[in-house]
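Student: Starting off with a structure, shown below.
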Amino acid sequence: MPRGDVTTVDMIVTKSRAELEKMYRAGQLLGEMLGELTQRVEPGVTTLDLDRFAEQWLRKAGAISPFKGYRNYPAHICTSVNEQVVHAIPANRVLREGDVISIDAGIRVNGYVADSAITVGVGKISEKAEQLIRHTEASLERAIEQMRPGNRLYDISHAVQSYIEPLGYTLVKEFCGHGVGRKMHEEPQVPNCGHRPHTGPRLRPGWVLAVEPMVNLGTAAVKIERDGWTVTTLDGRISAHCEHTIAITDDGPWILTQVK
Ligand code: MF3
Ligand code: CO
């Protein structure tokens with residue numbers, strides 16, 4: 001989501017154990033769908049093919065896409081290829097060997113939303129691209145490790161930034177993660193950079209956050225295309241994005257969208 005105003009802690013919804021169980025079921029369904037979507041990624045497939053697959057999959061599962069219609073977003077998923085960072089609208093763009101694609105999807109089922117994204121290669125990709133994806137995933141893992149009661153919100157941001165920047169990559173600062181629950185975007189915002197560690201509100205059991213680092217190979221600068229949605233890198237170099245929906249519990253982070 002676009003970065004906006006900072007939040008106060010009383011606006012953050014705490015979920016009960018029963019609600020977390022429901023969100024887990026949503027997250028597991030979403031993880032399954034994303035797995036099947038990534039299996040369909042190959043040269044010759046269009047991003048619209050992937051959107052149609054998601055539409056049918058969600059219908060069969062008795063679920064809906066929280067993306068479709070959100071501020072008039074016209075599709076069920078976001079499919080961001082190469083220089084596209086996030087929020088690219090599925091279209092007739094044909095995937096080619098060597099491309100990287102971020103598939104960002106959400107699900108709403110039984111009143112609760114889960115949100116997750118994965119970046120994968122199309123066929124064989126360059127070593128540089130492989131590494132960018134692997135490090136983006138690793139930064140999310142570092143962030144998730146911080147998600148336990150007693151730690152603070154910006155420990156999450158700092159974990160991403162302190163991992164990514166020494167590697168020479170850049171972080172997109174205009175967009176961030178977010179709370180998730182009955183709505184796709186709840187408080188608080190979860191930035192990927194720009195904060196000191198050990199600052200921000202203390203994390204509480206029952207909070208559910210979508211954490212989503214966006215990592216560029218070149219410049220951090222991005223622009224929004226004329227469709228009003230697609231975010232692309234200013235220098236045209238590739239970008240990677242991954243996202244999980246994670247609950248904070250007394251036992252530590254619970255990755256609701258991770259399918260074992
Ligand atoms: N993961 C994306 C976000 O949090 C999902 C929103 S896509 C939109 O911004 F199309 F619905 F906007
Ligand atoms: Co999100």
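Student: About its Cα centre, what dipole magnitude does the stretch 1-137 give when the only charges are +1 on Lys and Arg Cβ and -1 on Asp and Glu Cβ, stated in debye to the nearest 20?
Tutor: Result for the stretch 1-137 is approximately 360 debye, rounded to the nearest 20.
Student: Alpha carbon centre of the stretch 50-121 versus the stretch 124-169: separation in Å?
Tutor: Distance between centres, Cα-based: 22 Å.
Student: Under the 0.36 nm per residue contour assumption, what length would be gained going from the current alpha-carbon distance of Asp227 and Leu48 to full extension?
Tutor: Once the chain is fully extended between Asp227 and Leu48, it gains 62.9 nm.
Student: I've got another one for you. So for the pair Val259, Arg237, with labels modelled 7 Å out along Cα→Cβ, what separation do we get in nm?
Tutor: Spacing of the two 7 Å Cα→Cβ label points: 3.4 nm.
Student: Moving to a separate point now. Could you list the trypsin sites (Lys or Arg not before Pro) in the stretch 39-79 that lie in coil according to DSSP, counting only those with at most 16 other Cβ atoms within 10 Å of their Cβ?
Tutor: Those that pass, being in a loop and sparsely packed, are Arg40.
Student: Then there's this: Tabulate in residue order the Karplus-calculated ³J(HN,Hα) for the stretch 75-80, using 6.51 cos²θ - 1.76 cosθ + 1.60 with θ = phi - 60°, rounded to whole Hz; enter x for Gly and Pro.
Tutor: With coefficients 6.51, -1.76 and 1.60, one gets 10, 8, 9, 10, 10, 9 Hz.
Student: Measure off 7 Å from each Cα along the Cα-to-Cβ vector at Arg25 and Arg71, then give the distance between these two points in nanometres to one decimal.
Tutor: A separation of 3.1 nm, rounded to one decimal place.
Student: Related question: Round to the nearest 0.05 the FRET efficiency obtained for Asp10 and Val94 when R0 = 41 Å and r is the Cβ-Cβ distance.
Tutor: 0.25
Student: When Lys and Arg each count +1 and Asp and Glu each count -1, what net charge do the other residues less than 11 Å away from His241, Cβ to Cβ, add up to?
Tutor: -4
Student: In debye, nearest 20, what is the charge dipole magnitude of the chain about its Cα centre with +1 on Lys and Arg Cβ and -1 on Asp and Glu Cβ, if you could check?
Tutor: In debye, rounded to 20, the chain gives about 460.
Student: Note down the net charge around Arg3, summing +1 for each Lys or Arg and -1 for each Asp or Glu among other residues with Cβ under 14 Å from its Cβ.
Tutor: Local charge sum for Arg3: -3.
We did not get these values from a lab; they are worked out from the coordinates using the rules stated. Only a predicted model underlies this, so the values are computations on that prediction, with no experimental measurement involved. Neighbour counts run over all protein chains shown; Cβ positions are idealised from the backbone, glycine included.
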